[in-house]
Amino acid sequence: MKRVVIVGAGFAGLSAMEALQGHGYSVTVIDRHNFATFQPLLYQVATAGLNPGDVAFPVRTLLRRRQNVKFRQGILEKIDTDTQRVILADGVSLPYDYLILAVGATTNYFGVPGAAEYCRAIYTLDEAIEVRNRVFEMFEWVAAHGLKDYNLTTVVVGGGATGVEMAGALAELKSRALTTDYPTIDPDAARVVLIEAQDRLLGAFSPSLSRYALRELKSRGVEVRLDTAVKSVTETGVELGNGEFIESNLIVWGAGVGVSEEVRSLGLPHLRSGRIEVEPDLRVKGFANIFAAGDVAGTMGTGDKPIPQLAQPAIQTGQHAAKMIKAIEADEETAPFRYKDKGTMATIGRRAAVAELGAGIKLTGSSAWFAWLALHVMTLLGVRNRLSVLLNWSWHYVSWGRGPRVILGG
Ligand SMILES: Cc1cc2nc3c(=O)[nH]c(=O)nc-3n(C[C@H](O)[C@H](O)[C@H](O)COP(=O)(O)OP(=O)(O)OC[C@H]3O[C@@H](n4cnc5c(N)ncnc54)[C@H](O)[C@@H]3O)c2cc1C
C-alpha cells in the first residue's frame, strides 16, 4: 500500500483522510494535539458559552472505524524530500509516498510592537481557556478589591468575523454575568472596545451587513472604533495611531492570520503571506508528491487572490488533495482546484448574525442566527459534542446564559 502522511488533524487534514480511507492507502495522521479543534467556536469557550470539551474531539476516537488509518501525536519539524520522510520534534521520522500538509495558520500580529507579548489570541483551545481565565480573574479581583486602581476594559483588536463575534459575546457576558454573579460590580466599568483599521467591520461581507453588525454591536454596548490602527501594545493597554491610550488588562487579538515559523522553516516555496505556494492542483510548487491544503496553502481563487482561510475552503482543498493522489495513482491527469463558495456567516450575539449565501442572498437577525446555530451544530465532530452544544445553547437561550464561568489551572 502507498503511504500517505497527513500532517494536521483540522478541517483539511481530516477531510483528506476521509477521502483516502478505504481506498487502499496506508494513511498516517499526525497532529501536535491528540484532538481536533473546532476553531469557529473557540470564542464561545473564551466567553464561557461552551465547555472546552464541546469544541475538541479526540482524533483516535474519530479514526477508530477507519480502514488503514493511524494516528501519531507529534510536531512536524522538517521534511527530508530526498529520502521522503517527515521528521518530528521528538526525533522520530516517518516515511511517505505522498505527503499532505494541512497544519493550518496562526495569529499574525503584523509586527505591532508589544502585540505578541501582551495580547491574547484565540487560535487554540489553550488560548481560549486562557482568555476565559483572564476574564473571570478580572471579575473576581474587582469583586474582592473593588474597582480602585483596576481597569475592567477589554480591548478586541480586529473587526473581522473573529473580532466581531468575540466583542459581541464579551458584551453579552458582561451584561449577564456581572448582573447575576457579580452584583457588586458596575457593568458600565467593564467596557468592551473593538478596534478596526478599516472604515467598516466585516470587510469580507457586503457593506449593508457591515452596517448591521455595527448597529447591533453598539446596541449591545460595544464601543467600536473604525479607521483606527493599533500602534503598540503594552502591559497596561493599547496605544492607538492617533496617540490615544486605552488602558486594559485584557487585549484580545483577532486581527490577522499568519503562518507559523515552523512552516516558514520547512524550506518550501511560500507566498509573501507565508502560505505555501501550490500549483493549481494543490501540489507544492516543485514537488510531485507533496500537497498543501487548508489555511496553510496559498490556493488561488478567481483572479490572483488566494481563497479565504475558512473552514469550507479547508474541507474542499483537503478533499481535492486526496482526489489528486488517487488520480496520480490511476495514471490520470491531475485537475485544478475550483472553490465552491457556499457562503459565509458571522454571529454578533443573541438573535443577531449576518449570512451571505451567494446568489445575492443576505440574511440578518434571527434567521441568520438560527442558520448559524444549525450550521455550527451540524459541522461539529461527534454526536456527543453536537448534542452537548445543542443542549448548552438551548439552556443558555431559555436561562439567559449561565455557562462554564470557571477559572481553570489554579
Ligand atoms: C477564532 C476563530 C474563529 C473562526 N471562525 C470561523 C467561522 O466562523 N467560519 C469559518 O469558516 N472559519 C472560521 N475560522 C477559520 C477556520 O477555523 C480555519 O479556516 C480552519 O480551521 C482551517 O482548517 P485547516 O485544516 O487548514 O487548519 P486547522 O483547523 O487549524 O488545523 C490544523 C491542525 O494542524 C495542527 N498542527 C499545526 N502545526 C503543526 C505541526 N507543526 N505539527 C503537527 N501538527 C500541527 C494543529 O494542531 C491543528 O490541529 C475561524 C478561525 C478562528 C481561529
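Kindly indicate whether any position in the stretch 261-274 is of a type in the set (Gly, Ala, Ser), farther than 22 Å from residue 47 by Cβ and surrounded by 17 or more Cβ atoms within 10 Å (Cβ to Cβ).
Checked the stretch 261-274: at least one residue is of a type in the set (Gly, Ala, Ser), farther than 22 Å from residue 47 by Cβ and surrounded by 17 or more Cβ atoms within 10 Å (Cβ to Cβ).
Let me spell it out: the conditions are (1) surrounded by 24 or more Cβ atoms within 10 Å (Cβ to Cβ); (2) of a type outside the set (A, V, I, L, M, F, W, C); (3) modelled with pLDDT of 95 or more, and residue 198 meets all of them except one. Which number is the exception?
Result: residue 198 fails condition (1) only.
Can you tell me how many residues within the stretch 352-410 are of a type in the set (Ser, Thr, Tyr) and loosely packed, with under 12 Cβ neighbours inside 10 Å?
Matching residues across the stretch 352-410 total 2.
If you take the residues in the stretch 290-342 that are among the hydrophobic types (A, V, I, L, M, F, W, C), in a helix (DSSP H, G or I) and in contact with a Ser or Thr (Cβ under 6 Å, 6 or more places away or on another chain), which one is farthest from residue 42 (Cα to Cα)?
The extreme case among them is 327.
Starting from the stretch 368-389, take each residue that is on the phi > 0 side of the Ramachandran plot and list its partners that are buried (at least 16 other Cβ atoms within 10 Å of the Cβ), counting only C-beta distances under 8 angstrom and pairs at least six apart or across chains.
Between residues of the stretch 368-389 that are on the phi > 0 side of the Ramachandran plot and residues that are buried (at least 16 other Cβ atoms within 10 Å of the Cβ), the close pairs are 382/57; 382/62.
Name the single residue, out of those in the stretch 80-100 being small (Gly, Ala, Ser) and part of a loop (DSSP other than H, G, I, E, B), that is nearest to the ligand (Cβ to nearest atom).
For the stretch 80-100, the residue satisfying everything is 89.
Of all residues in the stretch 1-35, which are in a strand (DSSP E or B), crowded, with 23+ Cβ neighbours inside 10 Å and within 17 Å of the chain's Cα centre (by Cα)?
31
Restricting attention to the stretch 146-180, and to residues there that are hydroxyl-bearing (Ser, Thr, Tyr) and not in a helix (DSSP H, G or I), which single residue is surrounded by the most Cβ atoms within 10 Å (Cβ to Cβ)?
Applying the filter and picking the extreme gives 154.
Report yes if some residue within the stretch 320-329 is in contact (Cβ under 8 Å) with a residue 24 or more places away in the chain and near the ligand (Cβ under 10 Å from one of its atoms); otherwise report no.
Within the stretch 320-329 (the criterion being in contact (Cβ under 8 Å) with a residue 24 or more places away in the chain and near the ligand (Cβ under 10 Å from one of its atoms)), the answer is no, since none of the residues qualifies.
With the requirement that a residue be more than 16 Å from the ligand (Cβ to nearest atom) and without any contact (Cβ under 8 Å) to a residue 24 or more places away in the chain, what does the stretch 330-354 give you?
If the condition is that a residue be more than 16 Å from the ligand (Cβ to nearest atom) and without any contact (Cβ under 8 Å) to a residue 24 or more places away in the chain, then 330, 331, 332, 333, 338, 351 are the ones that fit.
So for the stretch 123-145 (the condition being more than 26 Å from the chain's Cα centre (by Cα), in a loop (DSSP other than H, G, I, E, B) and either closer than 30 Å to residue 185 by Cβ or of a type in the set (A, V, I, L, M) (or both)), does at least one residue qualify?
No, the stretch 123-145 contains no residue that is more than 26 Å from the chain's Cα centre (by Cα), in a loop (DSSP other than H, G, I, E, B) and either closer than 30 Å to residue 185 by Cβ or of a type in the set (A, V, I, L, M) (or both).
Any residue in the stretch 25-42 that is free of Cβ contacts under 8 Å to residues at least 60 places away in the same chain and more than 10 Å from the ligand (Cβ to nearest atom)?
Yes: one or more hits.
May I ask you to say which residue of 14, 20 is within 14 Å of the ligand (Cβ to nearest atom) and farther than 30 Å from residue 135 by Cα?
The match here is 14.
Going residue by residue through the stretch 115-122, is there one that turns out to be in a loop (DSSP other than H, G, I, E, B), within 12 Å of the ligand (Cβ to nearest atom) and assigned by TED's automatic domain parsing to the domain that holds residue 391?
Yes, that holds for at least one residue.
Given the condition more than 16 Å from the ligand (Cβ to nearest atom), closer than 26 Å to residue 131 by Cβ and either among the hydrophobic types (A, V, I, L, M, F, W, C) or at pLDDT below 90 (or both), answer yes or no: does some residue in the stretch 361-381 qualify?
For the stretch 361-381, residues more than 16 Å from the ligand (Cβ to nearest atom), closer than 26 Å to residue 131 by Cβ and either among the hydrophobic types (A, V, I, L, M, F, W, C) or at pLDDT below 90 (or both): absent.
What number of residues within the stretch 280-299 satisfy the criterion of being over 20 Å from the mean Cα position of the chain (by Cα) and either surrounded by fewer than 19 Cβ atoms within 10 Å (Cβ to Cβ) or within 9 Å of the ligand (Cβ to nearest atom) (or both)?
7
The values are calculated or read from the model by the stated rules, or taken from the named source; none is laboratory data. This one's a predicted model, so the numbers in the text were calculated from it and none came from an experiment. Cβ coordinates were reconstructed from backbone atoms using ideal geometry, including for glycine residues, and neighbour counts include every protein chain displayed.
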